[in-house]
Amino acid sequence: MNFWETITGSDLTREWKAFEARAEALPDDYQAAWGQIIAHLFPYGGFTGRNLMPILDAALGLLEVAAADGQSLQEVLGDDIPGFCTALAGGEGARTYRDRWREQLNRNVAKKLSRLGG
Amino acid sequence: MSIQDIIEGKKQWRAHMARVKALPQDYRIVYKEMQRYLFKVGPVDLPDGPLLPGIVDFFEEGVAAGKGVLELTGNDVAAFCDDLVKDSPTFAEVYQQSISGERGTAEK
Amino acid sequence: MDDLTEMLKGTLEGCVLEIIGREETYGYAITRQLNELGFVDVVEGTVYTILLRLERNKLVQVAKRPSGVGPPRKFYALNEAGCEELAKFWAKWQYVSSRINRLKESGR
């Protein structure tokens, strides 16, 4: 049974439909990224898929916020969606990703503030 | 989640973002970078918890006192974020726990 | 003294409890007091995260009061659980520091 059947064949259908509705409101490139995120989270979906729901919700939330702010996809996820998914699910290597985001955060702040100061 | 919840949530979120927009630019830059980081790290109570509005409260006080944003947060903004969510479980942690739980019962 | 951050972790919360225990006060005033004590690297953000944690763990009473400038300020006072936590902190501190001193003395 694959992830889709797991999801659609269960009581999670309704929750899943809500995700789809939210995703459809996103810009095209974000929708594509959402598809990739689902695909990459699939291997984590082991047993019922139920435990993936909050993670999917978090990822979709991130995309929504970023799209609403007009941020580019690249800015939000970087160029490594599989890595992003690993970190979201807390799998192997999640630490490394968090370290990278941490550096990214401080670097972006320093860069943008210095541009501001002129 | 009902449609009503979603609409209510969006309204609150818009009001929240309006407060962010009213901050001086240096504060706004740091807030947005922090928010992006926090969403990725994924503490479970982030979207509707008091954390993000609390940061804006804190920043507004700093603005009123005439301080620069880094004076408030320190240069290591990431460390500030990590401290903020230290006690909140992340989605990843909850998820990892749920699979180890399932595995535990599956093996019995 | 530079670079106390790592060493101060875990003890700053006790210091903040002690300061709040003396009189009702707010984040910036607490930060100033810690800076004057010689912990110059402590920024308001650090204190903010500690206050947030104290509030979440229900160790303090919080009151919003208007401030001369800007938005209302949050004032903190210890409640009963906070007083107990403070007593525990000093007991632990006493224990740790006496042991560490003993270690140092024994090497002479």
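In the set (1) surrounded by fewer than 19 Cβ atoms within 10 Å (Cβ to Cβ); (2) at positive phi, B:G42 fails one condition alone, (1). Out of segment C:52-92, which residues are more than 23 Å from B:S88 (Cβ to Cβ), charged (D, E, K, R) and more than 14 Å from chain B (Cβ to nearest Cβ)? Answer for segment C:52-92, where residues must be more than 23 Å from B:S88 (Cβ to Cβ), charged (D, E, K, R) and more than 14 Å from chain B (Cβ to nearest Cβ): C:E80, C:E84, C:K88, C:K92.
Let's see how each residue does on (1) modelled with pLDDT under 95; (2) under 27 Å from B:G66 (Cβ atoms):
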position: C:L12; (1), (2): yes, yes
position: C:E18; (1), (2): no, no
position: C:G21; (1), (2): no, no
position: C:E44; (1), (2): yes, yes
position: C:Q94; (1), (2): no, no
position: C:S106; (1), (2): yes, no
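I'd like to know if segment B:66-87 contains one or more residues that are open to solvent by 30 Å² or more (accessible area, probe 1.4 Å) and touching a helix residue (DSSP H, G or I) at 6+ places or on another chain (Cβ under 6 Å). The answer is yes, given that some residue of segment B:66-87 is open to solvent by 30 Å² or more (accessible area, probe 1.4 Å) and touching a helix residue (DSSP H, G or I) at 6+ places or on another chain (Cβ under 6 Å). Residues that are more than 13 Å from the chain's Cα centre (by Cα) and of a type in the set (A, V, I, L, M) within segment C:65-86 comprise C:V69, C:A81, listed in sequence order.
Yes or no, residue by residue, for (1) within 15 Å of the chain's Cα centre (by Cα); (2) more than 7 Å from every other protein chain (Cβ to nearest Cβ); (3) modelled with pLDDT of 75 or more:
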position	(1), (2), (3)
B:P43	yes, yes, no
B:I55	yes, yes, yes
B:E61	no, no, yes
B:G66	no, yes, yes
B:A78	yes, no, yes
B:Q96	no, no, no
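The set of residues in segment C:24-43 being free of Cβ contacts under 8 Å to residues at least 40 places away in the same chain and among the charged types (D, E, K, R) consists of C:R32, C:E36, C:D41. In segment A:63-89, which residue that is part of a loop (DSSP other than H, G, I, E, B) and either over 28 Å from B:G74 (Cα atoms) or open to solvent by less than 20 Å² (accessible area, probe 1.4 Å) (or both) is farthest from the other protein chains (Cβ to nearest Cβ)? Once the filter is applied, the top-ranked residue is A:D79.
Residue-by-condition table, conditions (1) touching a Phe, Trp or Tyr at 6+ places or on another chain (Cβ under 7 Å); (2) closer than 18 Å to A:I37 by Cβ:
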{"site": "A:I81", "(1), (2)": "no, yes"}
{"site": "A:A89", "(1), (2)": "yes, yes"}
{"site": "A:G93", "(1), (2)": "no, yes"}
{"site": "A:T96", "(1), (2)": "no, no"}
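Selection of segment C:1-58 for residues being more than 10 Å from the chain's Cα centre (by Cα), of a type in the set (D, E) and at negative phi yields C:D2, C:E6, C:E23, C:E24, C:E36, C:D41, C:E44, C:E55.
Restricted to segment A:91-106, and to residues there that are over 16 Å from B:L38 (Cβ atoms), without any contact (Cβ under 8 Å) to a residue 24 or more places away in the chain and not charged (D, E, K, R), the residue that is nearest to the other protein chains (Cβ to nearest Cβ) is A:G93.
The values are calculated or read from the model by the stated rules, or taken from the named source; none is laboratory data. Only a predicted model underlies this, so the values are computations on that prediction, with no experimental measurement involved. For neighbour counting, all protein chains shown are included, and Cβ atoms are generated from backbone atoms with ideal geometry for every residue, glycine included. What goes into the accessible areas is simple: the full protein's heavy atoms, side chains included, and nothing from ligands, DNA or RNA. Shrake-Rupley method; radii C 1.70, N 1.55, O 1.52, S 1.80 Å.
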